[in-house]
Amino acid sequence: MSTLLTVAVFDGDGIGPEIMAPTVAILDQLQQRSEHYALEFEHLPAGAKHFAATGESLPAQSLESARSADAVLLSAMGLPDVRYKDGTEISPQIELRKAMNLFAGVRPVRIIHGQNTPLALTDLHAKNQVIDFVLIRESTEGLFHTQGVGEVTEDYATETLKITKHTSEKLFRFAFNLAEQRRANGRGPGKVTCVDKANVFRAFAFFRKLFDQEAKQHPQLKSDHAYVDATALWMVQKPWIFDVMVTENMFGDILSDLGAGLMGGLGLAPSADIGEHHAVFQPCHGSAPDIAGKNIANPFAMLLSAAMMLEWLAEQHPISALREDGQRLSNAVYKTLSEGTTITSDIGGKASTTQAADAVWKNL
Ligand code: ATP
C-alpha cells in the first residue's frame, strides 16, 4: 500500500528556484520508484519577488496550504532591494516559523573526508575524529522576542530576550529525543550540551535549570553545559566533542553560521524548523542574488534539507522506505562531495548547479 503525502514547495527568490528544481526532480524520481509512499508537490507563491509584484510576502492561502501539507520544503527567500517600509527584508520563512510555532531549528554539521573545511583535516584524521553534530536553535523567542518591535529612541535602543518554561521544556525534550535517535542510528554517544550564558544572565540560569530538569528524565543519556563564547572556540578547536547542542535563538543563529563555515560554506548547510505538528526544511543560506540566474549555485544544502524532510516524514508516518530514501539521498550528496569531481565553485569545483545535482542522482 502506498501512502500519499503532500509537500508544500516554496521556490523562493534569487538562486531559490535554481536549487529547488533539481531537488523536486530527485524527490519525484524517488517517489515514483517507491511502492510505499507517493509525494504530491504543491508549489505556493511567497517571497520578495511575489511581494514586489503583489504587496504580499506570504499570502494567507499559501500559509493555509503549508499548514495542511504533510511537510514544507522551502528554498532561499528574500532580496536585498525588496524591503518592507521599516527597512527590514522580506522573510516569509520567519513568518512561517512563528505562524506554525516551529520552535526547534535543527542545524546538522557534518564533515567527511575530502570536504573543503578550514579545519586542519590531516590532524583530524590522524586523531580519527568524527565531526558529526547537530545544533538545535530555539526559533520562536529568545532575543528575537521583540523582533520588529524593539524600542528605538534618539538616545537608546532596547530589545528584550524572553525564555519561557513552556517552549524550553518542549525544546529540551526534542533535543534529548534527537540524541537518543542518533545514538540508536550509530551517530553520536547520546549526549546533549546546553549552550548558554548562565554565568552572567539570570534568564540563562533559568534556561539551564529547565535543561537540567529535562536531563533527569533521560538517565540513559549524557548531558552537560557550555558557555556560548567557549562553545564558539571549541567548535573550531575540537568540534568532535559535540553531539547534540541546544541553545537560545540568537546564539543559535550565530553558531549555526559558524557550523556552516566549518563545513566549508553555506552551500553545504541544511536545516529544518520543527514544531509539534509541522516542519519546514530549507537550506541555511540566503538567496545569493550575486550569483542568481547563472546556474552555478550549490544545490547540496537544499538536497540535504530534502533528505532531512524524508527522514522526518518517516518519524511521522511509519514508513521505513522514507527513512531509507532520506539516508540514501544524504549519502549520495556526501559521496558526490567526497569524489570532488562534480561540485560547484563555492566549494572548489567547476560544475554547474545542474551537473552537481545530476551527479547526486547518479550516485543515488
Ligand atoms: P540571508 O541574510 O538571506 O541569509 P546573506 O546575505 O547573509 O543572506 P547569502 O544569500 O546566503 O547571504 O549569501 C552569502 C554568500 O554566500 C554570497 O556570496 C553567496 O553567493 C554565497 N552563497 C550562498 N548560498 C550559496 C549557494 N547555495 N551556492 C553558492 N554560493 C552561495
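The values are calculated or read from the model by the stated rules, or taken from the named source; none is laboratory data. Keep in mind the model is a prediction, meaning the values are calculated, not measured. Reconstructed Cβ throughout: ideal geometry from the backbone, glycine too, with neighbour counts over all protein chains shown. Accessible surface is based on the protein model in full, side chains and every heavy atom, while ligands, DNA and RNA are left aside. Shrake-Rupley method; radii C 1.70, N 1.55, O 1.52, S 1.80 Å.
For Gln220, what is the net charge nearby, where nearby means another residue's Cβ is under 10 Å from its Cβ and Lys, Arg count +1, Asp, Glu -1?
On the way: positive: Arg183, Lys222; negative: Glu180.
Net charge in that neighbourhood comes out at +1.
Could you work out what % of the accessible surface of segment 1-81 is carbon and sulfur, using a 1.4 angstrom probe and leaving DNA, RNA and ligands out of the count?
Roughly 51 percent of what the probe reaches on segment 1-81 is carbon or sulfur.
Using the Kirkwood formula over every pair of different C-alpha atoms, what hydrodynamic radius in Å results for the chain?
Evaluated over the chain, this radius sits at 21.0 Å.
Pop out the Kirkwood hydrodynamic radius of segment 16-174 from its pairwise C-alpha distances, inverse of mean 1/r, in Å to one decimal.
19.5
So how much slack lies between Ala99 and Asn128, counting 0.36 nm per residue of separation and subtracting their Cα-Cα distance, in nm?
6.1 nm
Per residue, how much accessible area does the chain have with a 1.4 Å probe, in Å²?
The answer is 44 Å² per residue.
Given labels modelled 7 Å from the Cα in the Cβ direction, how far is it in nm from Glu56 to Glu40?
For Glu56 paired with Glu40, the spin-label model returns 2.2 nm.
When only alpha-carbon atoms are used, what values of Rg and Dmax, in angstrom, describe segment 224-364?
Radius of gyration, then largest Cα-Cα span, for segment 224-364: 16.2, 46 Å.
On the principal axes of its Cα set, how long, how wide and how thick is segment 151-277? Give whole Å, largest value first.
The Cα atoms of segment 151-277 stretch 55, 36, 32 Å along the principal axes, largest first.
Leaving out same-chain residues fewer than 8 places away, which lysines sit with a Cα under 16 Å from that of Lys238?
Lys127, Lys191
Accessible area of segment 116-244 with a 1.4 Å probe: how many percent of it is carbon plus sulfur? Please list the in-between numbers first.
Working: 3610 of 6920 Å².
After summing per-atom areas, the C and S share lands at 52 percent.
At R0 = 22 Å, how high is the FRET efficiency between Lys165 and Asp86 if r is their beta carbon distance? Nearest 0.05 is fine.
0.10
Need the C-alpha centroid separation for segment 78-98 versus segment 47-68, integer Å.
Centre-to-centre (Cα) distance: 12 Å.
Which percentage, to the nearest 5, of the DSSP beta bridges contained in the chain is antiparallel?
Here the share of antiparallel DSSP bridges comes out near 45 percent.
Quote to one decimal, in nm, the extra length available between Lys350 and Ser338 on full extension: 0.36 nm per residue of separation minus the C-alpha distance between them. List each step's numbers first, then the result.
On the way: separation 12, 0.36 × 12 = 4.32 nm, distance 1.47 nm.
Here the answer is 2.9 nm.
Please give the FRET efficiency for Ala157 paired with Lys222, using the beta carbon to beta carbon distance and R0 = 35 Å, rounded to the nearest 0.05.
0.30
Using only the alpha carbons of segment 239-286, what is the convex hull's orientation-averaged projected area in square nanometres? Before the final figure, lay out each step's value.
Numbers: hull surface 16.0 nm².
Projected area, direction-averaged: 4.0 nm².
Of the listed peptides 128-139, 338-349, 74-85, 210-221, what is their order by residue-averaged count of other C-beta atoms within 10 Å, with the highest listed first?
Values: 128-139: 21.2, 338-349: 16.7, 74-85: 19.2, 210-221: 15.1.
Ranking the peptides 128-139, 338-349, 74-85, 210-221 by packing returns 128-139, 74-85, 338-349, 210-221.
What spacing in nm lies between the two simple spin-label points modelled at Leu258 and Asn331, each 7 Å away from Cα in the Cβ direction?
Taking the two extended label points, one gets 3.3 nm.
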